[in-house]
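The values are calculated or read from the model by the stated rules, or taken from the named source; none is laboratory data. Quantities reported herein were computed from a predicted structural model and do not represent experimental measurements. Positions of Cβ are backbone-derived with ideal geometry, glycine not excepted, and every protein chain shown enters the neighbour counts. To get the accessible areas, we keep the full protein, side chains included, count just its heavy atoms, and leave off ligands, DNA and RNA. Shrake-Rupley method; radii C 1.70, N 1.55, O 1.52, S 1.80 Å.
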Amino acid sequence: MSVLMALPGCPAQTLHRDGSSLYPELPIKALLPAYALTVMIPLIDVVKDGGTIAFRLGTHRYIEDLEQSVPVSATLARGSFIVWNFEVIHGGEANRRDQPRPMLYMTLCRPFWTDMKNFGGTSRVRLAVDGDVIPLLNRRFARAADGGTWAHTGLGAVLHKINPSSPEEESTT
């Protein structure tokens, strides 16, 4: 997860894919389901004069006729979100407003894949949790945690207060 900021007057971003085909040498790439999704949440309204996000629809299928297709723009209300396949060609348009265009950006992916292209090396931090926190987490997160300790000390106690296990504890927090 990160924040993308298009400052006033910034030019259009080059159209690009966030990632490439998992198996570029095989002819099945157009048939494979998404291995990663990009999610954008605008922190201001994204309108035509302020620069929208442009997409070349269907380009995640690697069909050559679509690679040079006319981009389609998407306007977004503040706090809404848009999700697309990581392999779709897209790019932010020029910001012609007098204010920045901040957006939250995150990648959701299948468990077998890590985004080493955009977030490789030491920039990727994985959190683990104390054993007493695991029962408070959704089973999906508890499975991923594999024990360990929180990178931020004391988080287990805070979560315990937020999600008490008995009514008596709720009245004391």
Query raised in the report: In segment 73-107, which residues are touching a Lys or Arg at 6+ places or on another chain (Cβ under 8 Å) and open to solvent by 50 Å² or more (accessible area, probe 1.4 Å)?
Result: T75
Report summary line: Subset of segment 76-92, residues part of a strand (DSSP E or B) and among the polar types (S, T, N, Q), comes to N85
**Report entry** Residue count, segment 5-40 (criterion: over 16 Å from the mean Cα position of the chain (by Cα) and of a type in the set (A, V, I, L, M))
**Finding:** 10
**Report entry** L4 being at pLDDT below 90, within 18 Å of E93 (Cβ to Cβ) and in contact with a Gly (Cβ under 8 Å, 6 or more places away or on another chain)
**Finding:** yes
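Of the residues that make up segment 87-101, is at least one acidic (D, E), free of Cβ contacts under 8 Å to residues at least 12 places away in the same chain and more than 19 Å from P8 (Cβ to Cβ)?
No, segment 87-101 has no match at all.
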Requested in this report: Test R56 against the stated conditions and say whether it is within 21 Å of S21 (Cβ to Cβ) and modelled with pLDDT of 90 or more.
Outcome: yes
**Report entry** Looking only at segment 37-65, and only at residues there that are outside any loop (DSSP other than H, G, I, E, B) and open to solvent by 50 Å² or more (accessible area, probe 1.4 Å), the one that is farthest from F86 (Cα to Cα)
**Finding:** D49
